[in-house]
Amino acid sequence: MTNSFLNDAFFSRLETLALHLRADLTGFFGGRHLVKTYGQTVEFADYREYMLGDDLRRIDWNLYSRFEKFFIKLFTDERQMNVQIFLDCSASMGKENPQKAAYAVSMAAALGFLAVHNTDKVSFRLMREGTCEDPFGVIVGKNTFFHVVSQLEGLSFEGDTDLGEAVTACQNPGGNDGLSVIISDFFTDSDWKKAVDYLVYKKRQLLLIQVLSPEEVEPLYMGRVHLLDAEAGDLGDPRNLKVRITRGLQETYDEALQGLIGEIRTYCAKRGAAFLTVRTDLPLEKTFFKELLKVGMME
């Protein structure tokens, strides 16, 4: 992969955004995300009556002088979240299309930057075959993050990926403490629903991003062609086809693609997950400042 959508100007613009995470997540102390529980920040939230064992320093004596009852002050709580980004590294994600690979990696890196910029933890999970690699561990801080990004830009995309097996094989998937993102084209015979169900079971906030090239959305082929599957093992693989492409066949392909997108969107909606389809010819900045805002993932 040689292309990249990442530069200093883009990261500077990203600093005006933040990941929108649910308030019912737990997370770790010391972050910037407001949660529903009350905590130790200086931002006032509410009052409640004093109960035995409460910190006497929180009693509001002005209220006591008015109502002759003890009330304590409650403050908002802020937590550090655990952001996990699952990247499909199969051949269809970029072996023959460096632009698509670069876009997918840049999406992952930009989401990771939003995490570390807001003092969250982030990890990049690389999905290959039925495995899930975690080569960089937990990343905290921008210095470590940018070192990792330089390695991400050199990723290779090969073979097939079983999304369901890879995600469920992930070590330390976390619980109700942050966001999981799956970046893939979802052009797979594997059980991607298994991955969604597993992360929902773990009470992760979930975002699926489908990355497609313009040629995959609107193929321009006509006549007799030999279609080679990027993930096929050899020319004799049954996934490779010699076909005559007609307008009718193109319409059938479009219906199948729209059916897949609709199926993913419906499945995610029923499980409280967010879903977004992006084309690689859409500027990455527009994806973040417009498309991700539409699905409620940015603030």
| task | Within region 125-144, track down each residue that is surrounded by 16 or more Cβ atoms within 10 Å (Cβ to Cβ), of a type outside the set (Gly, Ala, Ser) and in contact with a helix residue (DSSP H, G or I) (Cβ under 6 Å, 6 or more places away or on another chain). | result | 127, 132, 136, 139
| task | Please find, among 205, 210, the residue that is modelled with pLDDT of 65 or more, over 24 Å from residue 279 (Cβ atoms) and either of a type in the set (Lys, Arg) or surrounded by 12 or more Cβ atoms within 10 Å (Cβ to Cβ) (or both). | result | 205
| remark: So, first residue more than 15 Å from residue 292 (Cβ to Cβ) in region 171-187, second residue aromatic (Phe, Trp, Tyr), Cβ within less than 6 Å, six or more apart or across chains; the pairs are 186/192
| task | Filter region 76-99 for residues that are under 28 Å from residue 203 (Cβ atoms), modelled with pLDDT of 85 or more and of a type in the set (S, T, N, Q) and give the result. | result | 82, 84, 90
| task | Answer yes or no as to whether residue 63 is modelled with pLDDT of 60 or more and surrounded by 12 or more Cβ atoms within 10 Å (Cβ to Cβ). | result | yes
| message | Can you tell me which of (1) without any contact (Cβ under 8 Å) to a residue 60 or more places away in the chain; (2) under 26 Å from residue 285 (Cα atoms); (3) part of a strand (DSSP E or B) is the one residue 144 doesn't meet? | response | (3)
| query | Can you tell me which of 137, 154, 159 is in the same structural domain as residue 182 (by TED's automatic domain parsing), out of contact with any strand residue (DSSP E or B) (no Cβ under 9 Å at 6 or more places or on another chain) and modelled with pLDDT under 95? | reply | 154
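The values are calculated or read from the model by the stated rules, or taken from the named source; none is laboratory data. Quantities reported herein were computed from a predicted structural model and do not represent experimental measurements. Positions of Cβ are backbone-derived with ideal geometry, glycine not excepted, and every protein chain shown enters the neighbour counts.
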